[in-house]
Amino acid sequence: MLATMPAVAADLLSAPLEELLVEARRLRRGPLVTYSPKVFLPLTTLCRDVCGYCTFARPPRRGERAFLSEEEVLAIARSGAAAGCREALFTLGDKPELRYRVAREELASLGCETTLEYLARCAKLVLDETGLLPHLNPGVMNGDELSALRPVSASMGIMLETTAARLGERGGPHWASQDKIPARRLETIRLAGERAVPFTSGILIGIGETRAERIEALLALKALGDEHGHVQEVIVQNFRAKPGTRMAAHPEPSLEEHLWTIATARILLGPSWHVQAPPNLAFDDFPRLLDAGIDDWGGVSPVTIDHVNPEAPWPDLERLAEATRSRGLELAPRLPLYPEYVVDIDRWVDPVVAPHVRRAADATGLARDDVWAPGELGAVPLVVRRDAAPLELTGDELGEDEITRLLEARGGEAARVCAAADRLRREVCGDEVTYVVTRNIQYTNVCYFRCGFCAFSKGKLAANLRGAPYLVPLDEIVRRVQEAWERGATEVCLQGGIHPAFTGDYYASVVRAIKEAVPGIHVHAFSALEVWQGAATLGLTLEDYLARLRDLGLGSLPGTAAEVLDDEVRRVICPDKVTTRQWLAVHDAAHRVGLRSNVTVMFGHVETPRNLARHLLRAREQQRRSVSASTESANADSVRGTAGGGFTEFVPLPFVPMEAPIYLQGRARRGPTFRETVLVHAVARLTLHPEITNVQASWVKLGPEGTRQVLAAGVNDLGGTLMNESISRSAGAAFGQELPPERMEELIRSAGRVPRQRTTLYGDPPQERVLASFGAAPLSEPLNPPVRDAGLIAPPRLVRPGLLAGARR
């Protein structure tokens, strides 16, 4: 049906409606239909134009203010924020001060010369005080005016309405409305593109234009959008006759005419454009708009009416969601700017506004669909549904595109992904949930690396954070290990910051001291960064250094410092840390010398689902290499008395944002949403099978209710009891620092599962260890002496593996 663009236009005028609808639905991209939860702020209803159909604009009335006060603006915005809105839609007439003295006088009393100056002040107030993202519709603007409003808004818009200049002639709908001259409105849209302003526009149908003129208007918008990339959505709005206007008796367009125009817009613009139609103007017929290819419902407010169309109430969100699901689609909230603009935020959003956008966004650039944050107390959204039918996957191995798609699942599809992961977990692991009795020891909070997500490490610039810089002496480390052993621990987990004076000998001395004092404890210690730095300071290869630590008694490595194994992300959050290749090299070397390890992912900051998909694939590929190498050297592993075989488990770690520098600086999201968190666990189970069979949840970050949900989404392990945990708490997590066996098993049973203590390598601990772990005595107060007491002296040159790798690139 479709050929060149001129032929398309000709075809559209003559094609049967049903054919157009079928083609439009085919071109609609993806399964999501979005909407913007907004609050409507009618800053002024004065306007210098007199459109024949408008009831929003009206002349001044005696005793009424010309503009909302700042207090009124804030009160409306706060009610919207409390109701879960993300957008503050400022609607107002065009430059009323040029027509009305009352507007000029009131603006002067406010200390402003123009309406746009007052708009900028109110938009900034809403942004700063409520976090709502302003979307501004102030009418025709010049370049300077657009530039002045960009630092206080996330997006702007102006309806083109039509390119038919004849509609502005005497008797037409735009007569006496100089701001409705099509050329002026097109110029505003063009200037917005030059200034990288995400922009909304659209057409108004049924005011006297022809179908051919609608096509002409759509093509004009397409040309501007193709040139600048800034036209983020095209609205196809239907005229509604309103009593008291010049066009009160004008016939309204039929539903079929509206559907024809929407389908025409979708076909002309293609799948990469967003096409919107307001549901309230179609009344009970609004579900049929989906049949014409829309992918967005526009702004819908739970607290304010549509001030432009007050006779048309918004459908409630549940009704909107039901209508969307009736077409096999899923409703999703968005921000006033679309995901592709959020992903490319440095280009499209002013630096002042960008932190607010990041905090409101999820990993795909849509609006966060809950208020949950890792480590916070409060209600946990329901994502896992026990009655959901498992998503049926093909037998083919999941690739990057498939994994990305699963991580983006919403609503019923997300529940089915979780059910599929839970079914696979049951088949592979049964109903047991394992945990290990362990003690965490963070031996110093001093670190010369500057990871943007870390609120634990302390240096001169972080003295105001949680606690003074400390270094735990060896005898205190040993005392804590002995105390843990007395309390039934089979493992001690050691990690910390990297003090500038540390060398590989320091880590070796820690292992030696622990194993001499408590030979039976499993030492699970040192991130890939600590191993890399230790080897580099001694001039040893990774394998030689790890073999030395192994011979001293190191049992396994934690998978921390992985963050996201994609250098696109690492360059933002930890540029001087080990690269993806270096992290994998450390664990490959560990596996080659017979040391097991795990693999983590820390998510919810700047990464996208595609970055996470790459992380999962790299973990899977490394596991295959390690298992293959382990098989080849089975005899050698047997001699060393280690199991070999690579990663023991996969551990998702939701980013705790509260005290993280990158979040406080406005450069990261507010952690993952709970839906995203559950899906990372579930999709990890589906992706890593059968290479990695254990998926662990961090109860410190999820809390009890969150933990129960992920246990029904593919998780079979809850990690350690911890005894002392400082890193998550430094970042702002509110949950306790120890979950003793009694409470751990109570939590597991409350999820309908069977608890089992394990060793680090998933064996059964001796019965005397299990018995000692229950009813354990309270911990003694740990000793964290000031770091200055150690008298360490830093060398003149520090090892920064990430920067070295960057220099080579």
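The values are calculated or read from the model by the stated rules, or taken from the named source; none is laboratory data. No experiment lies behind these values; they were computed from the predicted model shown. We place every Cβ from the backbone using ideal geometry, glycine too, and count neighbours over all the protein chains shown. Accessible surface areas use protein heavy atoms only, side chains included; no ligands, DNA or RNA. Shrake-Rupley method; radii C 1.70, N 1.55, O 1.52, S 1.80 Å.
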Residue ID - farthest from VAL234 (Cα to Cα), chosen from residues in region 31-47 that are within 25 Å of the chain's Cα centre (by Cα) and open to solvent by less than 20 Å² (accessible area, probe 1.4 Å): VAL39
Any hit, region 732-754, residues being modelled with pLDDT under 90, open to solvent by 30 Å² or more (accessible area, probe 1.4 Å) and more than 38 Å from the chain's Cα centre (by Cα): no
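From THR537, THR541, which residue is open to solvent by 10 Å² or more (accessible area, probe 1.4 Å), polar (S, T, N, Q), touching a Gly at 6+ places or on another chain (Cβ under 6 Å) and farther than 24 Å from ASN694 by Cα? Steps first, please.
On the way: THR541 fails: touching a Gly at 6+ places or on another chain (Cβ under 6 Å).
Unique residue meeting the criteria: THR537.
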Residue selected from region 438-451 under the condition open to solvent by less than 10 Å² (accessible area, probe 1.4 Å) and either among the aromatic types (Phe, Trp, Tyr) or modelled with pLDDT under 85 (or both), by the criterion nearest to the chain's Cα centre (by Cα): PHE449
Where GLY378 falls short, out of the listed (1) surrounded by fewer than 17 Cβ atoms within 10 Å (Cβ to Cβ); (2) touching a Pro at 6+ places or on another chain (Cβ under 7 Å): (2)
Hits in region 190-233 - residues which are closer than 19 Å to HIS174 by Cα and of a type in the set (Ser, Thr, Tyr): SER201, THR210
Condition check for PRO336: open to solvent by 10 Å² or more (accessible area, probe 1.4 Å), assigned to a loop (DSSP other than H, G, I, E, B) and at pLDDT 95 or above: no
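Let me confirm something: among ASP306, ASP285, ASP291, ASP350, which residue is more than 18 Å from the chain's Cα centre (by Cα), at pLDDT 95 or above, part of a loop (DSSP other than H, G, I, E, B) and among the charged types (D, E, K, R)? First the steps, then the outcome.
Working: ASP306 fails: at pLDDT 95 or above; ASP285 fails: part of a loop (DSSP other than H, G, I, E, B); ASP291 fails: part of a loop (DSSP other than H, G, I, E, B).
Sole residue among the options that is more than 18 Å from the chain's Cα centre (by Cα), at pLDDT 95 or above, part of a loop (DSSP other than H, G, I, E, B) and among the charged types (D, E, K, R): ASP350.
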Given (1) within 21 Å of the chain's Cα centre (by Cα); (2) buried (at least 24 other Cβ atoms within 10 Å of the Cβ); (3) assigned to a loop (DSSP other than H, G, I, E, B); (4) not charged (D, E, K, R), index of the condition MET658 fails: (2)
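Among the residues of region 763-782, is any of a type outside the set (A, V, I, L, M), modelled with pLDDT under 95 and either touching a strand residue (DSSP E or B) at 6+ places or on another chain (Cβ under 9 Å) or open to solvent by less than 70 Å² (accessible area, probe 1.4 Å) (or both)?
So the first thing to find is which residues in region 763-782 are of a type outside the set (A, V, I, L, M), and the list is 763-769, 773-775, 778, 780-782.
Now restrict to residues that are modelled with pLDDT under 95: 778, 780-782.
Next cut, either touching a strand residue (DSSP E or B) at 6+ places or on another chain (Cβ under 9 Å) or open to solvent by less than 70 Å² (accessible area, probe 1.4 Å) (or both) only: 780, 782.
Yes; the residues of region 763-782 include at least one that is of a type outside the set (A, V, I, L, M), modelled with pLDDT under 95 and either touching a strand residue (DSSP E or B) at 6+ places or on another chain (Cβ under 9 Å) or open to solvent by less than 70 Å² (accessible area, probe 1.4 Å) (or both).
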Any hit, region 505-514, residues being more than 30 Å from TYR762 (Cα to Cα) and of a type in the set (Lys, Arg): no
Qualifying residues in region 588-605 (those that are in contact with a Lys or Arg (Cβ under 7 Å, 6 or more places away or on another chain) and farther than 15 Å from VAL656 by Cβ) - the one most open to solvent (accessible area, probe 1.4 Å): ASP588
Odd one out for TYR506, checked against (1) within 26 Å of VAL472 (Cα to Cα); (2) of a type in the set (Phe, Trp, Tyr); (3) crowded, with 23+ Cβ neighbours inside 10 Å: (3)
Close pairs (8 angstrom Cβ cut-off, 6 or more residues apart or separate chains): over 26 Å from LEU167 (Cα atoms) in region 49-78, loosely packed, with under 13 Cβ neighbours inside 10 Å and of a type in the set (A, V, I, L, M, F, W, C) anywhere: none
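Where residues in region 187-228 are within 24 Å of ALA148 (Cα to Cα) and in a loop (DSSP other than H, G, I, E, B), which of them is most open to solvent (accessible area, probe 1.4 Å)? Write out each step before concluding.
If we filter region 187-228 for residues that are within 24 Å of ALA148 (Cα to Cα), which is where we start, we get 187-202, 221, 224-225, 227-228.
This time we only want the ones that are in a loop (DSSP other than H, G, I, E, B), so: 195-198.
Working: ARG195: 70, ALA196: 18, VAL197: 4, PRO198: 3 Å².
Step by step, filter region 187-228, then rank; the result is ARG195.
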Number of positions in region 661-703 that are closer than 19 Å to ASN611 by Cβ and either among the aromatic types (Phe, Trp, Tyr) or under 19 Å from the mean Cα position of the chain (by Cα) (or both): 19
